[in-house]
Amino acid sequence: MSTILSTSVLNIVQSFSPEDMAAFIAEFEKLQKPVANCKPKRIKPKTIFPTFENCMQYVREIHSIQAQGKLA
């Protein structure tokens with residue numbers, strides 16, 4: 001099957017005029033060149049917002065405050 005296909009393609013290409021052959025070669029060469037430079041995607045760092053408990057823990061550490069009951 002592949003020999004029939006390749007023979008058919010060769011017969012078609014041989015029937016091209018010089019202008020058609022130049023256009024075919026130009027388009028075929030475009031297929032051989034890389035389309036674009038692949039650059040790694042820049043991943044945006046994820047923002048982590050502190051919770052109320054994190055803020056209170058930070059304040060306690062700075063001011064040496066001891067936790068008192070549920071609200072502190």
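The values are calculated or read from the model by the stated rules, or taken from the named source; none is laboratory data. Small disclaimer: the values here were computed from a predicted structure and weren't measured. As a convention, Cβ positions derive from the backbone with ideal geometry for all residues, glycine included, and neighbour counts pool all protein chains shown.
For residues in segment 32-71 being surrounded by 10 or more Cβ atoms within 10 Å (Cβ to Cβ) and in a loop (DSSP other than H, G, I, E, B), which is modelled with the highest pLDDT?
Result: PRO50.
How many residues are part of a loop (DSSP other than H, G, I, E, B) and at pLDDT 80 or above when one looks only at segment 1-31?
3
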